[in-house]
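> One structure, pasted below without further comment.
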Amino acid sequence: MLELERLFRAVYLWLEKIFGNLGIPHVWFDLFTMLLVAGVILAVMSIAAMFLVWWERKIGAHFQVRFGPMRTGWHGWLQLPADGIKLILKEDTTPAAADKPVFLIAPIIIFVASLLAYVCLPFGKGLIVRDLNIGILYILAVTTFTVVSILMAGWGSNNKYSLLGGFRSAAQIISYEVPLTLSVLGVVLLTQSLSMVKIVSAQEHVWTWNIWKQPLGFLIYLTAAVAEVNRTPFDIPEAEQELVAGYNIEYSGMKWAMFFFAEYTNLVLVCGVAATLFLGGWNGPILPSWVWFLGKTLFLIWVVMWFRWTFPRVRVDQLMSFGWKFLLPLAFLNLILTGLFA
Amino acid sequence: MNIVRTTLDGIYNLLLGMWTTVKYLFSHAITLQYPKERWPMPERSRGVVALMTDEKTGKLKCIACEMCVRTCPTAAITMEPETDETGKKQRYPRVFEVDEGICIFCGLCEEVCPVKEKAIKMVNLYEFSVYAKKELIYDMEKLTRIGKGFK
C-alpha cells in the first residue's frame, strides 16, 4: 500500500544525512525542513483549490442538468490552469480612493490565515505538520483572522458594497463562531483532549466515530461551518444580487485570486476538521490513511456544494436570529447532554 | 412544542429539497454541445435559397421564367435570362443573384416555381453569417454549389 508517511520519513532522514555530511548546523536543517513542509502544504492546497473550483463548476452544472466546462481538455479539466494563468497575467488595479496599505494587506492576511490552520490538520496517520496539544483550539483561533481580513478588505476598498459585505461577514462569522466552538467542545469532552491526533485515535472503528455519539453536534458544526466559510445558504457577505460581489468587489488579478484561494482552502479546512472530529479522520480499513481522510473530506465538500445548489440564500435578520436564537441554545443543549451522559 | 414541530418540518423540507436536487445531479445533462452536435432540422425548415441542378444533364433546372423574381416580396432575387445573337431570350439564366441579407425566408419563390420538383429551393442551411454585407449576395455559382450540397 502507498503509505505516504514512510516516504516523507525516508526523505527526512535522507536530507538529515546530507545536511550532516555537509556539516551544516542542525538549526538550518530544521529551518529548511519547515520551509519544505510549508511549500508542500502550499502546493497541495493550490492544487486542491484549483480542483475544487473545477469540481464545483462541474457539480453545479450537473445539478442544473448542464455539462459545465467541456472544451478545455477532457471534461474541461484544463479550465483552471488556464484561469490561473489568466489571473496571474491580469492587470492588478487599485482604486484611487482606496486605503492602500489596508487594501494591500487584506488578501495577504486571509491567505496566511487560511494556510496557518493546516499546521494542526492530520492528513493521515503521521501526516501532521505539528501535533499541538491544543490543536483544535489553535485551528479555531487562527481561522478567526479571516474576519479581520474581510473587514479590512471591505473598509480598504472604499466602496459601499464591499464595506457592507465586510460588515455582514464580520457579524456572521463572529455569530457562528460561538455555536461552532460549542459543537466542537462536545467532541473535546468525549475525547478529553484538544489534540487532533488523540481525537482521531479515539475513533478507531466505524462504530466509535463521534458522529454516532454527537449527531446533533455534527449537524450544528456543519451548519455553522457553512456560515463560517460564507457559502450558500449563508453567503450574504457576497450576495451577488444586493452587493455585486461583497468585500472582494474592488479586487482584481492575483489579489482577487488570493481571496478565492482562501475561500476554497477554508472550505477544505472546515470539511477536513469535520471529518477529523466526527467521521474518524484517517481511520478506515484496507486503503492508506490519507486516502480515507481525503475521501471523507471530499464527501463533506460535496455535501456543502449540494447545499449550495439546493438552498436559497437567507436574509440578514433570518441569519442572525437563526444563529443566536436557535443554533446557540441547541449547541448549549448538546453540550449539557454530552456533559451529563458521556 | 410549536418550535419542535417547526424545526422538524423545516428539516423535512430541507431534506426534500436536497432529494430533489440530487435526483437532477444523477440525471443526464440535456445540453446540446452545439458546434459538435446539432439538432436535426425539420424537413420543411426554410434556410438559405439555393438553385437545384438536374442530376441527369448536370445543368440547372431553372427555366428563367422570372416567376420567383416577380413574387419575391423583398426583391431579393435578381435574374437575367440568357439571350442569343438576335436578342431572343433563352430558357436558362445568365445572371442569378440572391441577396440573402434581405431575404425574409418566406418560401414564396419555391412555392411559385413551375419546374417539377422545384428549381429554386430553401435548403436547411442556416449558418451563413459573414463579416461583410456584400458577401451575403450569392451569385449563380454559389447558389448552385449550395443546391448540390443539399438535395
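> Give the stretch B:63-106 a look and list any residue that's touching a Pro at 6+ places or on another chain (Cβ under 9 Å), free of Cβ contacts under 8 Å to residues at least 24 places away in the same chain and assigned to a strand (DSSP E or B), or say none.
Those that are touching a Pro at 6+ places or on another chain (Cβ under 9 Å), free of Cβ contacts under 8 Å to residues at least 24 places away in the same chain and assigned to a strand (DSSP E or B): B:MET79, B:GLU80, B:PRO81, B:GLU82, B:ARG94.
> Ok, one more. Quick check on the stretch A:284-304. Is at least one of its residues assigned to a loop (DSSP other than H, G, I, E, B), among the hydrophobic types (A, V, I, L, M, F, W, C), within 14 Å of another protein chain (Cβ to nearest Cβ) and touching a Leu at 6+ places or on another chain (Cβ under 7 Å)?
Just the residues of the stretch A:284-304 that are assigned to a loop (DSSP other than H, G, I, E, B), to begin with: A:284-288.
Then drop every residue that is not among the hydrophobic types (A, V, I, L, M, F, W, C), which leaves A:286-287.
Imposing the further condition that a residue be within 14 Å of another protein chain (Cβ to nearest Cβ) reduces the set to none.
No, the conditions are met nowhere in the stretch A:284-304.
> Quick test of your reading of the structure: A:PHE311 fulfils all but one of (1) within 14 Å of chain B (Cβ to nearest Cβ); (2) in a helix (DSSP H, G or I). Name the failing condition by number.
So A:PHE311 meets the others, but not (2).
> Could you check, for the stretch A:58-65, whether at least one of its residues is part of a helix (DSSP H, G or I), surrounded by fewer than 17 Cβ atoms within 10 Å (Cβ to Cβ) and within 14 Å of chain B (Cβ to nearest Cβ)?
In the first step, residues of the stretch A:58-65 are kept if they are part of a helix (DSSP H, G or I); the result is A:58-63.
Among the residues that remain, those that are also surrounded by fewer than 17 Cβ atoms within 10 Å (Cβ to Cβ) are: A:60.
With the extra rule that they be within 14 Å of chain B (Cβ to nearest Cβ), the set shrinks to A:60.
Yes, because at least one residue in the stretch A:58-65 is part of a helix (DSSP H, G or I), surrounded by fewer than 17 Cβ atoms within 10 Å (Cβ to Cβ) and within 14 Å of chain B (Cβ to nearest Cβ).
> Looking at A:VAL11, A:VAL37, which is the one that is within 22 Å of the chain's Cα centre (by Cα) and of a type outside the set (D, E, K, R)? Outline the logic, then answer.
Working: A:VAL11 fails: within 22 Å of the chain's Cα centre (by Cα).
It is A:VAL37.
> Continuing with this model, one more query. From B:ARG70, B:ARG38, B:ARG44, which residue is closer than 19 Å to B:GLU100 by Cα and either of a type in the set (Phe, Trp, Tyr) or outside the structural domain of B:PHE128 (by TED's automatic domain parsing) (or both)?
Going through B:ARG70, B:ARG38, B:ARG44 in turn, the sole match is B:ARG44.
> Among the residues of the stretch A:227-249 satisfying the criterion of being among the acidic types (Asp, Glu) and surrounded by 20 or more Cβ atoms within 10 Å (Cβ to Cβ), which is farthest from A:VAL197 (Cα to Cα)? It would help to see each step written out before you state the result.
Just the residues of the stretch A:227-249 that are among the acidic types (Asp, Glu), to begin with: A:228, A:235, A:238, A:240, A:242.
Right, trim to surrounded by 20 or more Cβ atoms within 10 Å (Cβ to Cβ) and you get A:228, A:235, A:238.
Numbers: A:GLU228: 24, A:ASP235: 32, A:GLU238: 35 Å.
Going through the qualifying residues, I end up with A:GLU238.
> Would you say A:PHE322 is under 23 Å from the mean Cα position of the chain (by Cα) and hydrophobic (A, V, I, L, M, F, W, C)? Give the steps one after another, and end with the answer.
Working: under 23 Å from the mean Cα position of the chain (by Cα): yes; hydrophobic (A, V, I, L, M, F, W, C): yes.
The answer is yes for A:PHE322.
> Related question: Could you list all residues from the stretch A:250-265 that are buried (at least 22 other Cβ atoms within 10 Å of the Cβ) and not in a helix (DSSP H, G or I)?
A:GLU250, A:TYR251
The values are calculated or read from the model by the stated rules, or taken from the named source; none is laboratory data. Remember, predicted model here, so these are calculated numbers, not experimental data. Counting neighbours? That spans all protein chains shown, and the Cβs are built from the backbone with ideal geometry, glycine included.
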